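The values are calculated or read from the model by the stated rules, or taken from the named source; none is laboratory data. Nothing here was measured: the structure is a model prediction, and the numbers come from that model. Methodologically, a virtual Cβ is constructed for each residue, glycine included, from the backbone with ideal geometry; neighbour enumeration extends over all protein chains shown. For the accessible areas, the whole protein counts, side chains as well, though only heavy atoms, and no ligand, DNA or RNA atoms are used. Shrake-Rupley method; radii C 1.70, N 1.55, O 1.52, S 1.80 Å.
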Amino acid sequence: MSQLDEQEILALPSTSQLPWRMTMTRATLLGIVLIVVSLLGCAMQQNRFQYPNTRKMDHVDVLHGVEVPDPYRWLEDDNAAETEAWVSAQNEATFAYLDSIPAREKIRERLTELWDYEKFGIPFREGGRYFFTRNDGLQNQSTLHVSDSLDGKARLLLDPNTLSKDGTVALRSYAISPDGNLMAYGLSSAGSDWQRWKVRDVRSGEDLADHLNWIKFSGAAWSKDNQGFYYSRYDEPNEDDELTGQNYFHKLYYHRIGTDQSEDRLVYETPEHKEWGFGAQVTDDGRFLIITVWQGTDPRNRLYYRDLQQPDSEVVKLLDDFDADYSFIDNIGSRFYIFTDKDAPRGRVISIDINDPDERQEALAQSEDTLTRADLIDGRLVCTYLQDAKSAVRILPLHGTGAKVVELPGIGSVNGFRGKRTDTDTFYAFASFTVPGTIYRYDLRTGESTIYKEPEVKFDPAAFETRQVFYQSKDGTRVPMFITHQRGLNLDGNNPVYLYGYGGFNISLTPSFSLSMLTWMEMGGVYARPNLRGGGEYGEEWHQAGTKHNKQNVFDDFIAGAEWLIQNKYTSPKRLAIAGGSNGGLLVGACMNQRPDLFAAALPAVGVMDMLRFHKFTIGWAWTSDYGSPENADDFKTLHAYSPYHNLRRGMRYPSTLITTGDHDDRVVPAHSFKFAARLQEYHVGDNPVLIRIETKAGHGAGKPTDKTIRELADKLGFLTRELEMEGIEETQ
């Protein structure tokens, strides 16, 4: 997962716009016209918002003996003409309101100004060449570049912006062959998780004939001979199931360059376990294929391998119990180094000699901090930790003493520290709430960090400050929260606050730089981000404390954070907004149900809102590791108790709400947001708006073009300026 501020994304399993498909009769066309006519006409009349009418159907499920009405079930059919008409009517109503907000255009202009700076990705070396991404500022998609030396002139290798007029085709993944001459790369369209893979000659910049389809949740792992790569895919779905159909039976293949996909060799599958998925990597020495076996989003996995020096060798099930997280780091001959949280919820490193797999050694013991990643570079373990949700990096020898601490530029987050065992340097990026991502080159021999790329953003970081506080949740649990704002903030209880949360899938929210929150703070807003249970900030125990029957802890943590901000005079309920995306959208939906009095505004994005049917679409079944399954009677009771769609109450005044989703979201299908919006508009009695904004040709967030991202953020912030009665950006710039 990437940081979840600008584009909120639900956890992935461990690593085309739909065609119009119906024959339109004259009767059908007339029906659509009547629907559209009945849905239009949303306007402010006598200070009361009139929403588009949404048809209700008499549908009731009986689940574990409980009757569960679902009057908006028809909105699950994304191909239906009636659904399309509903989407159009809702967008017309929403944008009529957003267009009337004076501050919105100024906010968009300021976001555009801030966004317009040169951005670089962390470079890496393969086959003697350096590869990195770059964005000149406002390009819809970042471009990929290659250079023969670190200081040499780089040349453009791939520009996704040329692949579509509207910037909705994105480069989602790529892998370079060991000799640096070929690149396998995956593209997605309109935000879909589905990818199509191609192969490009790095030297000429031309594509080869290779073309692979129906790939999801997979990278590419090249064989040492540069002749092909391993990847995972699903079978081709039925035409009508491409967007919403369930994804089962992942399979691991080997593709040989120059052959058709139909000739790809099946390497591994488990037809008896439809939910299992596979990730592959080839060891740097080319000897072993490492197969990570995952089941949904559960961090516990299995670890298998195959000896590639033996052409007919079987797959060996090295760690085969789904009892812990096992991540392969590197091998020295037959000894594997593996990150795990087995008997160490905050993480450690073990080594296993595959010639005697029962003999295991501890290469790095668990510490008080949470180990998030370990790499073997220059013969040493480069370890990234979290200390109260802030990054720390230590370099430790495999044998003996001589640990070294990497001095970071401040309190923030690092990403990078990748490399091979023979490398003597590596790269990392550092960012914080007030420092944009700066790339450093680190010399492992001297311990020196030097700036490689430093962005120039048009703002003064000294004008802002960040502090970390700790508060008690409902059950007494100590929860950390970062708070960032302009210096000299007056704690008078009247500041607008943007409270953002996630709380799930072992994802840690560490300090990150957000242009939208910078704009928010320039308008006098406060940005607060608590580290809720369900995340990974304090290891697997912290994660499990926010899952399944413990899920209410996440909502309690978030609500307690809001109450702390009010008690400590940062804000008041009339100036407090809550936001979150995906699993964080669920968080917002549940909390605005449970405490509608506590918040003035809510921004649930691409949220999981129907907790009784989430498992029936695309990869939703994979989330049962965190949520539990509605098919289980005990889990159903818990899910039914907080499901946002099912716990809306008729006659309640809810916070001003702007729901956001994408019409091509095949992670959290848009029906979640559609149904929640329909029922919210039916039950809400206040004069304040409860709206839904549906982005077209967009998915769950990844790969969204820059212009779409800026417009959506401007709409959200503009909405908040009106609902929180803020002055807006005109008077503050």
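At-a-glance table
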quantity	calculated
Check on GLY410, of a type in the set (Gly, Ala, Ser), in a loop (DSSP other than H, G, I, E, B) and either within 21 Å of the chain's Cα centre (by Cα) or closer than 30 Å to GLN486 by Cβ (or both)	yes
Qualifying strands (runs of 3 or more DSSP E) (wholly inside the stretch 283-375; at least 3 residues being open to solvent by 40 Å² or more (accessible area, probe 1.4 Å))	316-324, 360-364
Close pairs from the stretch 459-487: first crowded, with 19+ Cβ neighbours inside 10 Å and of a type outside the set (S, T, N, Q), partner in a strand (DSSP E or B) and modelled with pLDDT under 95, Cβ under 9 Å, at least 6 apart	none
Count of the stretch 649-679 residues which are open to solvent by less than 10 Å² (accessible area, probe 1.4 Å), of a type outside the set (Ser, Thr, Tyr) and assigned to a loop (DSSP other than H, G, I, E, B)	7
Close pairs (9 angstrom Cβ cut-off, 6 or more residues apart or separate chains): farther than 22 Å from ILE483 by Cα and open to solvent by 20 Å² or more (accessible area, probe 1.4 Å) in the stretch 422-445, of a type in the set (Asp, Glu) and in a strand (DSSP E or B) anywhere	THR424/ASP443; ARG441/ASP425; ARG441/GLU448; ASP443/ASP425; ARG445/ASP425
Filter result for ASP626 (of a type outside the set (Ser, Thr, Tyr), open to solvent by less than 10 Å² (accessible area, probe 1.4 Å) and closer than 22 Å to LEU75 by Cα)	no
Matching entry among ASN550, ASN506, ASN495, ASN490 (being surrounded by 24 or more Cβ atoms within 10 Å (Cβ to Cβ), outside any strand (DSSP E or B) and of a type in the set (S, T, N, Q))	ASN506
Subset of the stretch 680-711 (residues that are over 17 Å from the mean Cα position of the chain (by Cα), farther than 19 Å from LYS165 by Cα and not in a strand (DSSP E or B))	LEU680, GLN681, GLU682, TYR683, HIS684, VAL685, GLY686, ASP687, ASN688, PRO689
Those residues of the stretch 470-487 which are in a loop (DSSP other than H, G, I, E, B) and closer than 23 Å to THR434 by Cα, in sequence order	ARG487
First in the stretch 356-372 and within 21 Å of SER334 (Cα to Cα), second anywhere and at pLDDT below 95 and of a type outside the set (S, T, N, Q), Cβ under 8 Å, 6 or more apart	ALA363/LEU398; LEU364/LEU396
Qualifying position, being closer than 22 Å to THR709 by Cα and modelled with pLDDT of 95 or more, among ALA698, ALA601, ALA633	ALA601
Those residues of the stretch 173-186 which are within 21 Å of the chain's Cα centre (by Cα) and buried (at least 22 other Cβ atoms within 10 Å of the Cβ), in sequence order	TYR185, GLY186
Whichever residue in the stretch 526-547 is assigned to a helix (DSSP H, G or I) and of a type outside the set (S, T, N, Q) and, among such residues, is surrounded by the fewest Cβ atoms within 10 Å (Cβ to Cβ)	GLU541
Test: residue in the stretch 197-206 that is touching a Leu at 6+ places or on another chain (Cβ under 7 Å), of a type outside the set (D, E, K, R), over 15 Å from ASP666 (Cβ atoms) and in a strand (DSSP E or B)	yes
Filter result for the condition that a residue is of a type outside the set (Val, Ile, Thr), under 23 Å from MET523 (Cα atoms), within 26 Å of the chain's Cα centre (by Cα) and modelled with pLDDT of 90 or more, over SER656, SER673	SER656
Test set (1) touching an Asp or Glu at 6+ places or on another chain (Cβ under 8 Å); (2) modelled with pLDDT of 95 or more; (3) not in a helix (DSSP H, G or I) - ALA714 fails condition number	(3)
Given (1) open to solvent by less than 20 Å² (accessible area, probe 1.4 Å); (2) under 18 Å from ASP610 (Cα atoms), number of the condition PHE719 does not satisfy	(2)
Filter pass, ASP610 being of a type in the set (Asp, Glu) and not in a helix (DSSP H, G or I)	yes
Test: residue in the stretch 150-164 that is open to solvent by 30 Å² or more (accessible area, probe 1.4 Å), within 25 Å of the chain's Cα centre (by Cα) and of a type in the set (Ser, Thr, Tyr)	no
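Here's the yes/no breakdown for (1) under 18 Å from SER262 (Cβ atoms); (2) modelled with pLDDT of 95 or more:
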{"site": "ARG196", "(1), (2)": "yes, yes"}
{"site": "ASP210", "(1), (2)": "yes, yes"}
{"site": "LYS216", "(1), (2)": "no, no"}
{"site": "SER232", "(1), (2)": "yes, yes"}
{"site": "ASP235", "(1), (2)": "yes, no"}
{"site": "ASN238", "(1), (2)": "no, no"}
{"site": "GLU242", "(1), (2)": "no, no"}
{"site": "GLY245", "(1), (2)": "no, no"}
{"site": "TYR248", "(1), (2)": "no, no"}
